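*Asks:* Below you will find the structure I want to go over with you.
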Amino acid sequence: MKTFTLPGTELTVPNVVLGLMRIQEKTDEEVRTLVKTARDAGISFFDHADVYGSALHGCETRFAEAMQLTSSERAEIVLQTKAGIVREGPYFDYSYEHLVESVEGSLAALGTDYIDILLLHRPDALVEPDEVARAFDDLSAAGKVRAFGVSNHTPGQIELLRKSVSQPLVANQLQLSVTHAPLVAQGVAANMQGLDQSISRDSGTLDYCRLHDITVQAWSPFQAGFFNGVFLGSADYPELNAVIDRLAKKYDVPAIAIATAWITRHPAQMQVVLGTTNPERVAGAALGSDIPLTRAEWYEMFRTAGYSVP
């Protein structure tokens with residue numbers, strides 16, 4: 001498992017992360033098996049959010065109940081959670097009161113004294129950056145949150161926050177897979193009139209994050225689109241799956257590892273956020289961390305996923 005120092009922090013992190021948004025109905029043993037499989041594969045980074053689960057802080061609570069971490073075990077892992085989505089909405093709230101209340105709830109649910117990384121979950125159109133800055137300052141000063149970031153934010157939205165926020169924004173969690181890759185696809189086809197792919201839909205978010213040492217965390221790395229099924233083994237992507245299967249055979253890994261490797265191969269040093277609760281898939285995906293796809297292989301996957309390569 002490849003690791004690196006997360007820019008803006010002193011944290012050593014893996015380039016594959018386990019997301020825990022689907023563990024609410026899992027038994028203690030199932031949660032422990034899932035986490036142990038991840039740890040055995042080199043994954044020491046676990047992603048939560050206050051809204052994950054059937055109740056507020058549901059999956060955070062389930063994790064803590066099942067794991068019963070000692071202080072030394074807690075120190076060995078990175079816990080990341082998110083705030084800003086209001087379940088009763090749907091709407092968003094980046095007010096000082098909501099952010100602090102959410103973090104207090106996450107701390108209690110996770111049974112920990114500190115959150116390693118707090119992300120603002122989705123952009124709040126009514127955001128007041130000074131409110132966010134005050135919340136971050138107080139949470140940081142109290143030792144309750146050690147680092148901060150965002151999720152699904154554009155460069156302009158990040159710049160607006162940075163106008164007031166004093167802490168570095170260390171991560172931006174964004175949807176990315178080989179079949180859902182506007183983050184990279186537009187740049188490949190820039191200046192090509194008449195090609196839909198050349199239209200900018202994200203204002204250069206990936207390049208912006210690289211320029212400002214903001215680590216991109218890729219969520220839904222195996223989804224064909226926005227929660228409409230995985231591309232692996234899908235009849236909708238026969239050419240892509242033929243390439244993936246061939247590469248899986250070449251590197252002697254499962255197909256899911258090749259899908260992971262397409263993201264980890266990118267020089268932006270992104271993290272892949274796994275959402276599966278299947279231990280076998282976690283172990284298989286983690287193998288992609290170290291696969292050195294060639295440029296030709298990377299672009300072949302990109303092209304057979306439906307993107308144009310001029």
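The values are calculated or read from the model by the stated rules, or taken from the named source; none is laboratory data. Because the structure is predicted, anything quoted here is derived from the model rather than measured. Because the Cβ atoms are built from the backbone with ideal geometry, glycine has one as well, and the counts that use them run over all protein chains shown.
*Asks:* Sort out which residues of the range 127-137 are in a loop (DSSP other than H, G, I, E, B) and closer than 20 Å to residue 49 by Cα, and write them in order of number. Reasoning before the result, please.
*Replies:* Taking the range 127-137 first, the residues in a loop (DSSP other than H, G, I, E, B) are 127-128.
127 - this is the single residue of the range 127-137 that is in a loop (DSSP other than H, G, I, E, B) and closer than 20 Å to residue 49 by Cα.
*Asks:* A follow-up question, please. Just checking, how many residues over the range 51-61 are charged (D, E, K, R) and out of contact with any Phe, Trp or Tyr (no Cβ under 9 Å at 6 or more places or on another chain)?
*Replies:* Of all residues in the range 51-61, those charged (D, E, K, R) come to 60.
Those still in the list that are out of contact with any Phe, Trp or Tyr (no Cβ under 9 Å at 6 or more places or on another chain) too: none.
Number of matching residues: 0.
*Asks:* Give me the pairs, please: first residue somewhere in the range 1-14 and modelled with pLDDT of 95 or more, second residue anywhere and in a loop (DSSP other than H, G, I, E, B) and basic (Lys, Arg), beta-carbon distance under 9 Å, and either six or more positions apart or on two chains.
*Replies:* 14/2
*Asks:* Within the group 48, 121, which residue is touching a Cys at 6+ places or on another chain (Cβ under 7 Å), modelled with pLDDT of 95 or more and under 26 Å from residue 25 (Cα atoms)?
*Replies:* Of 48, 121, the one residue that is touching a Cys at 6+ places or on another chain (Cβ under 7 Å), modelled with pLDDT of 95 or more and under 26 Å from residue 25 (Cα atoms) is 48.
*Asks:* Which one of 198, 220, 164, 177 is more than 17 Å from residue 266 (Cα to Cα), out of contact with any Asp or Glu (no Cβ under 7 Å at 6 or more places or on another chain) and of a type in the set (Gly, Ala, Ser)?
*Replies:* 198
*Asks:* Can you tell which of 117, 77, 43, 85 is in contact with a Ser or Thr (Cβ under 6 Å, 6 or more places away or on another chain) and either touching a residue at least 24 places away in the same chain (Cβ under 8 Å) or not charged (D, E, K, R) (or both)? Even if it seems obvious, please write down each step before you answer.
*Replies:* Working: 117 fails: in contact with a Ser or Thr (Cβ under 6 Å, 6 or more places away or on another chain); 43 fails: in contact with a Ser or Thr (Cβ under 6 Å, 6 or more places away or on another chain); 85 fails: in contact with a Ser or Thr (Cβ under 6 Å, 6 or more places away or on another chain).
That would be 77, the only listed residue that is in contact with a Ser or Thr (Cβ under 6 Å, 6 or more places away or on another chain) and either touching a residue at least 24 places away in the same chain (Cβ under 8 Å) or not charged (D, E, K, R) (or both).
Here's the yes/no breakdown for (1) free of Cβ contacts under 8 Å to residues at least 24 places away in the same chain; (2) surrounded by 14 or more Cβ atoms within 10 Å (Cβ to Cβ); (3) in contact with a Cys (Cβ under 8 Å, 6 or more places away or on another chain); (4) not polar (S, T, N, Q):
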residue	(1), (2), (3), (4)
182	yes, yes, no, yes
189	no, yes, no, yes
216	no, yes, yes, yes
226	no, no, no, yes
258	no, yes, no, yes
274	no, yes, no, yes
290	no, yes, no, yes
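*Asks:* Would you mind telling me which numbered condition in (1) surrounded by 22 or more Cβ atoms within 10 Å (Cβ to Cβ); (2) assigned to a loop (DSSP other than H, G, I, E, B); (3) aliphatic (A, V, I, L, M) residue 21 fails?
*Replies:* (1)
*Asks:* I need the full set of residues from the range 292-310 which are outside any loop (DSSP other than H, G, I, E, B) and either crowded, with 19+ Cβ neighbours inside 10 Å or not hydrophobic (A, V, I, L, M, F, W, C) (or both), in order please. Before you say what the answer is, go through the steps one by one.
*Replies:* Looking only at the range 292-310, we keep the residues that are outside any loop (DSSP other than H, G, I, E, B), and these are 295-304.
295, 297, 299, 300, 301, 302, 303, 304 - these are the residues of the range 292-310 that are outside any loop (DSSP other than H, G, I, E, B) and either crowded, with 19+ Cβ neighbours inside 10 Å or not hydrophobic (A, V, I, L, M, F, W, C) (or both).
*Asks:* Would you tally the residues in the range 258-310 being among the small types (Gly, Ala, Ser) and within 15 Å of residue 218 (Cβ to Cβ)? Walk me through it before giving the result.
*Replies:* The first filter runs over the range 258-310 and keeps only residues among the small types (Gly, Ala, Ser), leaving 259, 261, 268, 275, 283-286, 288-289, 296, 305-306, 308.
If we keep only those that are within 15 Å of residue 218 (Cβ to Cβ) too, we end up with 259, 261, 268, 275, 285-286, 288-289, 305.
The total comes to 9.
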